[in-house]
Amino acid sequence: MAAVDPVIAQPSAACCLEGYPHTGSPKGEFIHIAEVNTYVTRPPSKSQENRVILYFPDVWGIDVFQNGQLLCDYFAASGFLVLAMDYFRGDPVTRYLKTQGNPTTEPGFDFQAWTDKHQAFAQVAVPKWIAEVKEKYGGADTKYACVGYCFGAPYVMDALSEATDWVSVGAFGHPAFLNESHFTKCSRPLLLSCAETDHTFPAESRHRAEAILTERAQQHQVQSLRFQIQLFSGVSHGFCLRGNMENAWERFTKEESANGIVRWFKMFMD
């Protein structure tokens, strides 16, 4: 009988449809990597391009979702080459919203079927995409980080597992689709950016993840594992990407999450 792998972060749900579009002018460009449309945005100096962030989007995607592009630009401006893959292939969940910022979907939209389709593609495409990123942008002194939001969190955890050795550090925000094994296998530094109210990653799940990481770092003496938990009150799932920027607290938590991730990455990549 197969061993049970308890769920820690639930699948994406209706809360993942809520959010506000942000304003700004994205600075990156789209190219194809491993036949997948990819947003690329560069740091101020070419000498900083040896620090590479692989960005795994939430269900709002990266191609038409300007919020994600602007966040990638912030990471790039902080001194990283950033690449974000569109594993939704031009089919983000925002295509099915009645209006931008309105969580009501068009009649007949099947969120579960949509999710299953894109997870099946990503399972195959993500490893190929990572391999080509490393081939195109890697060098003797290149260091890699991974960041993922909601739908993208498992790909970060896969990269941080004991079975891989190419990534230096990772982070996720308001995660989905995570099991205990993602944490029992985690072997490199992980930042968890969390909301007080999160239906996919509630307090009991966050505490369980903390307990597993603590046990792994201390009892199993995984020296390469460090972790930090950011917890912001008064916000909910999606705060890292889709908060209301006219609300001072939501703006602060979104910006502080991103700033914390930058500092976390630099700690383990400098």
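The values are calculated or read from the model by the stated rules, or taken from the named source; none is laboratory data. Keep in mind that what you see is a predicted model, and the values were worked out from it rather than measured. With ideal geometry, Cβ positions are generated from the backbone for all residues, glycine too; neighbour counts draw on all protein chains shown.
Taking segment 199-232, which residues are of a type outside the set (A, V, I, L, M, F, W, C) and under 13 Å from S257 (Cβ atoms)?
Those that are of a type outside the set (A, V, I, L, M, F, W, C) and under 13 Å from S257 (Cβ atoms): Q228, Q230.
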Kindly indicate whether Y74 is in a helix (DSSP H, G or I), modelled with pLDDT of 95 or more and more than 19 Å from V124 (Cβ to Cβ). yes
Regarding segment 96-107, can at least one residue be identified that is over 15 Å from the mean Cα position of the chain (by Cα), surrounded by fewer than 22 Cβ atoms within 10 Å (Cβ to Cβ) and under 22 Å from V124 (Cβ atoms)? no
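How many residues does segment 243-261 hold that are touching a strand residue (DSSP E or B) at 6+ places or on another chain (Cβ under 9 Å) and closer than 24 Å to A14 by Cβ?
6
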Expected single match for surrounded by 19 or more Cβ atoms within 10 Å (Cβ to Cβ), basic (K, R), modelled with pLDDT of 95 or more and within 19 Å of W129 (Cα to Cα) among R42, R89, R51 is R51
Of a type in the set (V, I, T) and without any contact (Cβ under 8 Å) to a residue 60 or more places away in the chain, is that true of T38? no
Could you please give the count of residues in segment 208-223 that are surrounded by 12 or more Cβ atoms within 10 Å (Cβ to Cβ) and assigned to a helix (DSSP H, G or I)? 9
Those residues that are crowded, with 20+ Cβ neighbours inside 10 Å and assigned to a loop (DSSP other than H, G, I, E, B), I need them from segment 8-30; list them, please. S12, G19
Segments classed as helices (runs of 4 or more DSSP H), wholly inside segment 103-193, with at least 2 members that are at pLDDT below 95: 111-137
Can you tell me which of A258, A211 is of a type outside the set (S, T, N, Q), closer than 17 Å to V156 by Cα and at pLDDT 95 or above? A258
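Is one or more of the residues making up segment 249-267 part of a helix (DSSP H, G or I) and among the hydroxyl-bearing types (S, T, Y)? Give the derivation first.
We begin by selecting, within segment 249-267, every residue part of a helix (DSSP H, G or I); these are 249-267.
With among the hydroxyl-bearing types (S, T, Y) added as a condition, the list becomes 253, 257.
Checked against the condition, which is being part of a helix (DSSP H, G or I) and among the hydroxyl-bearing types (S, T, Y), segment 249-267 yields at least one hit.
Each row is one residue, and each column tells you yes or no for (1) farther than 16 Å from L54 by Cβ; (2) over 10 Å from the mean Cα position of the chain (by Cα); (3) touching a residue at least 40 places away in the same chain (Cβ under 8 Å).
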| site | (1), (2), (3) |
| --- | --- |
| A131 | no, yes, yes |
| Y144 | no, yes, yes |
| Y155 | no, no, yes |
| W166 | no, yes, no |
| L190 | no, yes, no |
| F201 | yes, yes, yes |
Do you know which residues across segment 194-207 are of a type in the set (S, T, Y) and part of a loop (DSSP other than H, G, I, E, B)? T200
